[in-house]
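These notes concern the structure reproduced below.
The values are calculated or read from the model by the stated rules, or taken from the named source; none is laboratory data. Treat the numbers as computed from the prediction; the structure is a model and nothing was measured. Heads up, the Cβs are rebuilt from the backbone with ideal geometry, glycines too, and the neighbour counts pull from every protein chain shown. Surface areas here come from the heavy atoms of the whole protein model, side chains and all, with no ligands, DNA or RNA. Shrake-Rupley method; radii C 1.70, N 1.55, O 1.52, S 1.80 Å.
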Amino acid sequence: MTTSSAAPDQHGSTAPPGETPLVPVGVLGARGRMGTEVVKAVNAADDLELVAMVDAGDWLFDVANAGAQVVVDFTRPDVVMDNVRFCIDNNIHCVVGTTGFDEEKLATVAEWLRPKPEVGVVIAPNFGIGAVLLMRFAQEAARFFPSTEIVELHHPNKVDAPSGTAVRTARLVAAARRAAGLPPSPDATTDSLPGARGADVEGVPVHAVRLTGLVAHQEVLMGAAGETLTLRHDSYDRASFMPGVLLAVREIARRPGLTVGIESFLGL
Ligand SMILES: NC(=O)C1=CN([C@@H]2O[C@H](COP(=O)(O)OP(=O)(O)OC[C@H]3O[C@@H](n4cnc5c(N)ncnc54)[C@H](OP(=O)(O)O)[C@@H]3O)[C@@H](O)[C@H]2O)C=CC1
Ligand SMILES: O=C(O)C1=N[C@H](C(=O)O)C[C@H](O)C1
């Protein structure tokens, strides 16, 4: 569905002469939990214009036809790659919050971007500023603790487990542990039910809870002799992701190529 009231001129602008043009934004997954919030946030932003809302069953060409310069994707791990490919092919910058990106998929996106040096794609498993900081703090602290485990807790409608944020946190922690030369976390378990010790992400156990009433939460637990450090972040409302999403929408045209996470946009 396209939402723009005025047709773009030959430069893609709908602004009257002399005024700073609004950035035309399309939202994919627009009727979903995150998409609905993004639509509200874009509509409330003075410098952005919502030009297309696309959800399952809608025509993806709507975003190109509407003149979107930036697309925000909060869809599903099984469809997001097709959406990103379409945007890159059509010279549209992408802000991607959808999860499910492993190293292979990231490499594929980087490959698609190679012939399009002017297009920017940011793929971030979490746009919450607190969650981004938690990842950074966990990365900093990891080398001081022999044991680290991650517990992520989410609403029960989430389709992927563990969360993209937890997987990224675990990878960052694992890299910090490797760099510090830490041995595997001590664990004497020889007898367990399947899943009891969580998913193994590069040696870091990740436990996923799905509970009615929750939105998005994560704890990183670190242990050393006689002490523990627990880092916790809670998103109680999806509004918590919007400052990060809007920052990425405003920045991405100046950041060609592939960016993973919004840390660099925040000066981290
Ligand atoms: N990076 C971040 O900060 C955050 C990331 N997420 C991630 O974002 C993703 C979406 O989460 P959430 O909003 O809760 O999920 P929802 O299921 O509520 O929303 C996804 C929407 O995308 C629609 N959709 C499915 N296929 C397509 C398609 N091909 N084109 C366009 N739309 C499509 C779905 O329709 P239908 O239901 O009919 O399939 C649905 O309306 C998940 O991967 C989640 O982990 C979530 C929160 C924050
Ligand atoms: O599905 C969600 O809700 C969320 N998904 C992202 C993830 O998998 O990390 C971000 C946040 O945790 C909310």
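Of note:
- Any pair with Cβ under 7 angstrom, 6 or more apart, that starts in region 167-181 at a residue that is among the basic types (Lys, Arg) and ends at one that is open to solvent by 30 Å² or more (accessible area, probe 1.4 Å) and away from ligand 2 (no atom under 15 Å from the Cβ): ARG171/GLU202; ARG177/ARG143
- Any chance VAL95 is β-branched (Val, Ile, Thr), within 16 Å of ligand 2 (Cβ to nearest atom) and either under 28 Å from VAL159 (Cβ atoms) or not in a loop (DSSP other than H, G, I, E, B) (or both): yes
- Just one of (1) touching a Pro at 6+ places or on another chain (Cβ under 7 Å); (2) within 16 Å of ligand 1 (Cβ to nearest atom); (3) open to solvent by less than 10 Å² (accessible area, probe 1.4 Å); (4) among the hydrophobic types (A, V, I, L, M, F, W, C) fails for ALA131. It is (1).
- Selection status of THR108, among the polar types (S, T, N, Q), modelled with pLDDT of 95 or more, assigned by the TED database to the domain that holds VAL80 and within 30 Å of VAL71 (Cα to Cα): yes
- Within this structure, PRO162 passes the test of being open to solvent by 20 Å² or more (accessible area, probe 1.4 Å), within 16 Å of ligand 2 (Cβ to nearest atom), touching a helix residue (DSSP H, G or I) at 6+ places or on another chain (Cβ under 9 Å) and at pLDDT 95 or above.
- Of residues in region 204-247 being within 12 Å of ligand 1 (Cβ to nearest atom) and open to solvent by 70 Å² or more (accessible area, probe 1.4 Å), the one farthest from LEU48 (Cα to Cα): ASP237
- Candidates GLU149, GLU104, GLU111, filtered to the one that is in a helix (DSSP H, G or I), over 26 Å from GLY26 (Cα atoms) and open to solvent by 10 Å² or more (accessible area, probe 1.4 Å): GLU104
- The listed residue being in contact with a helix residue (DSSP H, G or I) (Cβ under 7 Å, 6 or more places away or on another chain) and in a strand (DSSP E or B), out of VAL84, VAL71: VAL71
- Qualifying positions in region 41-58 - in contact (Cβ under 8 Å) with a residue 40 or more places away in the chain, more than 15 Å from GLY97 (Cβ to Cβ) and away from ligand 1 (no atom under 12 Å from the Cβ): ALA45, ASP47, LEU48, GLU49, LEU50, VAL51
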